Amino acid sequence: MTAMVLDAPGASLVAREVPRPEPGAGQVLVRVSACAVCRTDLHVVDGELPQVKRPVVPGHEIVGRVAVLGESVTRFALGDRVGIPWLGWTCGHCRFCRTGQENLCEQARFTGCTIDGGYAEFAVADARYCFPLPAVGADASLAPLLCAGLIGYRCLVACGDAERLGIYGFGAAAHIVAQVANHQGRRVFAFTRPGDVAAQAFARRHGAMWAGGADDAPPEELDAAILFAPVGALVPLALAAIRPGGTVVCGGIHMSDIPSFPYDLLWREKRLVSVANLTRRDGEAFLALAPQVPVRTDIEVFPLGEANAALNRLRAGQLTGAAVLIPGGV
Ligand SMILES: [Zn+2]
Ligand SMILES: [Zn+2]
């Protein structure tokens, strides 16, 4: 099969013919029909995550169909449409796994990072961590739900009942979260790179009632803010924009250093938290909610062989919405 392989940090992905993986006991082989490109993939490629295996096939927002059932898999049938997310395996018995925090399992394995992922024609996954997908919706449109949607949803939950919600960095995750937030009766205030009027227009199209630059003050005090942009300098700005008792949620796996800031920005019981990975429960809750909203994704499709071009467009901030790779060609 053809896979886009990362051999070393900082290198470009290389299209390579590799043996089709075989599913072991409890695993399924999935023929990939679409794999969305996540900002985390950039951190994988750029060597910003220490745990990445080498070589690795990136990609953890996979939609495909079950092609081979490994021994003892009864959860799925051949041909079932499934989603494969970032969380690929957990130990099941550590203090985190036992208390509903499998996202923090110290032995967790991650798709497209410590397990080969979906920038390929086929991927193997542990069936217990795959999600059944609804019958409606095109494969490519559903793919961004598998991480941008899931992690975005976990960030939104971390905001509690915040009604005035700020979102810093308006890309794939934000455009999904904004739709869910509106559906829940919240108001969304979008912050983009200063002067990025295209991103601000994109944010308004997807339900932001206000959009401006990250250095602009919002028209109202916010109850909570989510940071999807991996820019530590945004943390003090977001803390300044929220009310006493409000929450700032850092949604990325990697962020540049946070500059020092006066304690006054945190005082009055403001909370600064991060969201790490996902639990299967997050996925089930979000995938049940998404059709009710209904969430519509803005995607730009690329043939699998153009994965480097898709990553470069994401890096340059040239994408609106999500890039999606199509192994079968577009
Ligand atoms: Zn564990
Ligand atoms: Zn991701």
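Which members of region 28-78 meet the condition of being assigned to a loop (DSSP other than H, G, I, E, B), without any contact (Cβ under 8 Å) to a residue 40 or more places away in the chain and of a type in the set (Lys, Arg)? I'd like the intermediate steps shown before the answer.
Taking region 28-78 first, the residues assigned to a loop (DSSP other than H, G, I, E, B) are 37-38, 46-55, 57-61, 70-78.
Within this subset, residues satisfying the condition of being without any contact (Cβ under 8 Å) to a residue 40 or more places away in the chain are 46-47, 50, 74, 77-78.
Within region 28-78, no residue meets the criteria.
From Cys97, Cys35, Cys91, which residue is out of contact with any Cys (no Cβ under 6 Å at 6 or more places or on another chain) and at negative phi? Of Cys97, Cys35, Cys91, the one residue that is out of contact with any Cys (no Cβ under 6 Å at 6 or more places or on another chain) and at negative phi is Cys35. So for region 191-199 (the condition being under 17 Å from the mean Cα position of the chain (by Cα), exposed (fewer than 15 other Cβ atoms within 10 Å of the Cβ) and not in a strand (DSSP E or B)), does at least one residue qualify? No - not one qualifying residue is present in region 191-199.
The requirement of being at pLDDT below 95 and buried (at least 18 other Cβ atoms within 10 Å of the Cβ) is fulfilled somewhere in region 230-248, by at least one residue.
Does region 262-269 include one or more residues that are surrounded by 16 or more Cβ atoms within 10 Å (Cβ to Cβ) and within 17 Å of the chain's Cα centre (by Cα)? No, every residue in region 262-269 fails to be surrounded by 16 or more Cβ atoms within 10 Å (Cβ to Cβ) and within 17 Å of the chain's Cα centre (by Cα). Taking the criterion of being in a helix (DSSP H, G or I), more than 16 Å from ligand 2 (Cβ to nearest atom) and touching a residue at least 40 places away in the same chain (Cβ under 8 Å), the residues of region 87-113 that qualify are Glu102, Leu104.
Could you tell me whether Thr111 is surrounded by 14 or more Cβ atoms within 10 Å (Cβ to Cβ) and among the hydroxyl-bearing types (Ser, Thr, Tyr)? Even if it seems obvious, please write down each step before you answer.
On the way: surrounded by 14 or more Cβ atoms within 10 Å (Cβ to Cβ): yes; among the hydroxyl-bearing types (Ser, Thr, Tyr): yes.
The answer is yes for Thr111.
Going through (1) within 16 Å of ligand 1 (Cβ to nearest atom); (2) of a type in the set (Phe, Trp, Tyr); (3) in contact with a strand residue (DSSP E or B) (Cβ under 6 Å, 6 or more places away or on another chain) one by one, Phe96 falls short only on (3).
Within region 244-262, being free of Cβ contacts under 8 Å to residues at least 40 places away in the same chain, under 30 Å from His60 (Cα atoms) and assigned to a loop (DSSP other than H, G, I, E, B) holds for Met255, Ser256, Asp257, Ile258. Within region 205-217, the set of residues being surrounded by fewer than 18 Cβ atoms within 10 Å (Cβ to Cβ) and not in a strand (DSSP E or B) comprises Arg205, Asp215, Asp216, Ala217.
Of the residues making up region 177-190, those that are touching a Leu at 6+ places or on another chain (Cβ under 7 Å), under 13 Å from Ile226 (Cα atoms) and part of a helix (DSSP H, G or I) number 2. Consider region 152-176 and keep the residues that are part of a helix (DSSP H, G or I) and hydrophobic (A, V, I, L, M, F, W, C). The one that is surrounded by the fewest Cβ atoms within 10 Å (Cβ to Cβ) is Val157. Considering only residues in region 114-137 that are among the aliphatic types (A, V, I, L, M) and within 24 Å of Val68 (Cβ to Cβ), the one that is farthest from ligand 2 (Cβ to nearest atom) turns out to be Ala135.
Among the residues of region 46-66, those that are closer than 22 Å to Ala316 by Cα and either more than 15 Å from ligand 2 (Cβ to nearest atom) or surrounded by fewer than 23 Cβ atoms within 10 Å (Cβ to Cβ) (or both) comprise Asp46, Gly47, Glu48, Leu49.
Residues are listed down the side, and each one gets a yes or a no for (1) within 16 Å of ligand 1 (Cβ to nearest atom); (2) within 21 Å of Gly328 (Cβ to Cβ):
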{"residue": "Val82", "(1), (2)": "no, yes"}
{"residue": "Glu102", "(1), (2)": "yes, no"}
{"residue": "Glu106", "(1), (2)": "yes, no"}
{"residue": "Thr111", "(1), (2)": "no, yes"}
{"residue": "Ala123", "(1), (2)": "no, yes"}
{"residue": "Gly160", "(1), (2)": "no, no"}
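The values are calculated or read from the model by the stated rules, or taken from the named source; none is laboratory data. The shown structure was predicted, so the numbers you read here are calculated from the model rather than taken from an experiment. For neighbour counting, all protein chains shown are included, and Cβ atoms are generated from backbone atoms with ideal geometry for every residue, glycine included.
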